[in-house]
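Engineer: Structure below; questions to follow.
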Amino acid sequence: MLQDLENNFSELEKKILILQKNYKSLTERLSELNSEHEELKTKYDEERRRNQVLAEEQKNIKLYSAISGNPEHNRLMKNHINRLVKEIDFCIAQLQNSGL
């Protein structure tokens, strides 16, 4: 009976040591994954900002092309001018409503 208890305790101790080892390795892996996640998040943000800059540059290039008389971009230029005129009209209406 006492021998069985000792064997059970011995097995439990081995299992506990294995669990502790596994827990430690899992926490280390979690830490590594968290670090990797932060790095990837930073890279994603940088690429997203870069993408926004490139999209703005592309928009400006199309606009400059339309201004220079490129017939492919005339519609773009007209739309841009119409949008600016609407913004100006809105601003004028705001000023008139505020009594200035």
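The values are calculated or read from the model by the stated rules, or taken from the named source; none is laboratory data. From a predicted model like this one, the values you see are computed outputs, not experimental measurements. These area figures cover heavy atoms from the full protein model, side chains too; ligands, DNA and RNA do not enter into them. Shrake-Rupley method; radii C 1.70, N 1.55, O 1.52, S 1.80 Å.
Engineer: So, how do all the Cα-to-Cα distances of the stretch 1-51 break down into 10 Å bins, in percent, from 0 on up?
Structural biologist: Over the stretch 1-51, the share of Cα pairs per 10 Å bin runs 22, 22, 18, 14, 12, 8, 4, 0 percent.
Engineer: Let me ask something else. By how many nm would the segment from Glu6 to Glu38 lengthen if fully extended, with 0.36 nm per residue of separation less the alpha-carbon distance?
Structural biologist: 6.8 nm
Engineer: When the accessible area of the chain is computed with all protein chains present and a 1.4 Å probe, what percentage of it is carbon and sulfur?
Structural biologist: Carbon and sulfur: 57 percent of the exposed surface of the chain.
Engineer: Kindly write out, for the stretch 7-15 in residue order, the coupling ³J(HN,Hα) from the Karplus curve 6.51 cos²θ - 1.76 cosθ + 1.60 (θ = phi - 60°), rounded to whole Hz, with x marking Gly and Pro.
Structural biologist: Along the stretch 7-15, the couplings run 4, 4, 5, 5, 5, 4, 4, 4, 5 Hz.
Engineer: How much accessible area per residue does the chain have, in Å², with a 1.4 Å probe?
Structural biologist: Averaged over the residues of the chain, the accessible area is 94 Å².
Engineer: A follow-up question, please. Hey, of (1) 13.4; (2) 20.7; (3) 14.1, which did the structure itself give for Kirkwood radius over Cα pairs in Å when calculated?
Structural biologist: Of the listed options (1) 13.4; (2) 20.7; (3) 14.1, (2) comes from this structure.
Engineer: Leaving out same-chain residues fewer than 8 places away, which lysines sit with a Cα under 18 Å from that of Lys15?
Structural biologist: Lys24
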